[in-house]
1. Taking the Cα centroid of the stretch A:151-189 and of the stretch B:130-205, what is the distance between the two, rounded to the nearest whole Å?
2. Evaluate peptide A:38-48: per residue, the Cβ atoms of other protein chains within 10 Å of its Cβ; return the mean as an integer.
3. Sorted by mean Cβ packing within 10 Å, highest first, what order do the peptides A:48-59, A:155-166, B:150-161 take?
4. Over all alpha-carbon pairs of chain B, lay out the pair-distance distribution in 5 Å bins, whole %, shortest bin first.
5. What does a probe at residue B:80 reach in the stretch B:122-141, counting residues whose amide N is under 20 Å from the point 7 Å along Cα→Cβ?
6. Normalising by the residue count of the stretch B:22-230, find the relative contact order in percent from Cα pairs under 8 Å and 6+ residues apart.
7. Report the antiparallel proportion of the DSSP beta bridges in the stretch A:13-58 as a percent, rounded to a multiple of 5.
8. Enter the mean number of other protein chain beta carbons within 10 Å of the beta carbon of each residue in B:152-162, as an integer.
């Protein structure tokens with residue numbers, strides 16, 4: 001606290017159960033709930049308030065899959081009809097054979113592990129997330145691919161937008177300064193590969209820890225220069 | 001109730017020099033166990049509880065899974081060195097009971113509808129026991145759950161009240177707990193004014209009971225302030 005720099009202004013933090021507005025004047029966003037006509041916070045998180053909209057971005061918590069999320073998964077099991085992936089969530093993701101491979105696969109002759117094997121890192125998309133934790137993944141999007149080599153690190157899923165920055169400004173900064181390739185999954189897994197991996201990881205970890213501070217981009221630029 | 005000749009209150013002061021309505025020194029900290037999703041350490045005087053929260057995470061065995069919502073599993077355990085005589089390890093009748101009532105005190109504040117087939121695991125370890133351990137455990141669990149980012153309606157505040165030498169007191173220490181005429185552990189939601197745990201051991205008149213509940217609700221605000229301050233402090237350093 002003592003050696004706090006001037007540019008390190010802390011964003012407003014809300015606490016579960018804290019009254020953050022009235023539903024007569026605000027629309028509610030993520031991380032809030034309504035009781036009567038009052039809006040309360042659900043999380044310990046950064047309070048975001050505009051003129052007619054209020055939401056809370058949690059500072060911790062596990063990943064809950066939503067359709068169209070771009071995530072990183074690690075293949076845990078290769079079945080005959082598809083693959084089971086660890087997607088850093090309470091549930092496992094399932095990538096079916098037809099969603100994973102474009103061509104016709106004759107299972108009598110070809111072993112599905114030739115496409116994805118246990119331990120492979122996959123950049124994929126959530127196709128469907130049904131109630132009951134049934135999560136279907138798909139590779140049939142232009143951005144999906146298998147990631148070769150590199151390392152995976154974990155960050156808090158709710159802080160992913162901060163790591164990416166406005167139109168990718170933050171992650172591009174790290175990529176440029178360290179000469180690495182970075183893929184950020186919305187489930188909080190980040191894949192890093194390239195020259196200066198250690199430095200990039202240090203920067204990513206710092207964003208994870210200090211996401212509630214203003215002027216973070218400058219801090220990161222300073223760290224990397 | 002055990003009997004003792006020792007006076008619990010002398011000249012308006014209690015054994016440790018507190019006035020009847022005073023609480024012991026409260027210390028709270030979150031993020032003490034980096035491996036866990038959320039953690040906290042809370043002490044009321046000598047009574048110290050450390051809590052780790054994991055989850056929501058997948059739940060096994062499968063027959064425990066709920067298809068419509070997540071569940072909470074709560075384990076209260078006293079360390080062998082937490083009391084004067086070595087406490088035999090393993091769950092006793094008392095610990096099983098406290099695990100259950102503490103779980104019921106915490107359960108109403110959690111939104112687990114979006115987490116089907118999962119569990120939130122809360123592990124409470126009492127490092128040092130000197131009375132009021134169950135409310136200390138509830139305070140610590142509430143902080144750790146908030147730290148873990150589990151969606152919550154409110155925080156939970158726990159505080160014990162009681163009666164010794166015909167005086168109504170708050171936050172009983174170990175000796176007062178043993179020789180009191182009655183003790184009343186209570187947990188409530190400070191922003192909703194809902195009571196989630198209310199137990200009593202001993203004898204009280206209806207008026208005394210009402211008065212103790214009022215005293216606890218009043219003094220609990222101080223604990224709530226401390227909880228809020230602790231959670232915010234983690235992100236202000």
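Computed from the coordinates by the stated procedures, all read-outs in this text should not be read as laboratory data. Note that the structure is predicted; figures quoted are calculated from it, not measured. Because the Cβ atoms are built from the backbone with ideal geometry, glycine has one as well, and the counts that use them run over all protein chains shown.
1. Going from one Cα centre to the other spans 44 Å.
2. Numbers: counts 1, 0, 5, 4, 8, 5, 16, 2, 1, 0, 0.
Counting other chains' Cβ atoms within 10 Å and averaging over A:38-48 gives 4.
3. Numbers: A:48-59: 17.2, A:155-166: 19.5, B:150-161: 26.4.
Peptide ranking by packing, descending: B:150-161, A:155-166, A:48-59.
4. In whole percents, the pair-distance histogram is 1, 7, 14, 18, 20, 16, 11, 7, 4, 2, 1, 0.
5. Answer for this model: B:124-130.
6. Values: 482 pairs, mean separation 45.9, N = 209.
Taking the mean separation of contacting Cα pairs over the length of the stretch B:22-230, I get 22 percent.
7. On the way: 14 of 16 bridges.
Counting DSSP beta bridges with both partners in the stretch A:13-58, the antiparallel share is about 90 percent.
8. Working: counts 9, 7, 7, 5, 2, 0, 0, 0, 0, 0, 0.
Average neighbour count from other chains, rounded to a whole number: 3.
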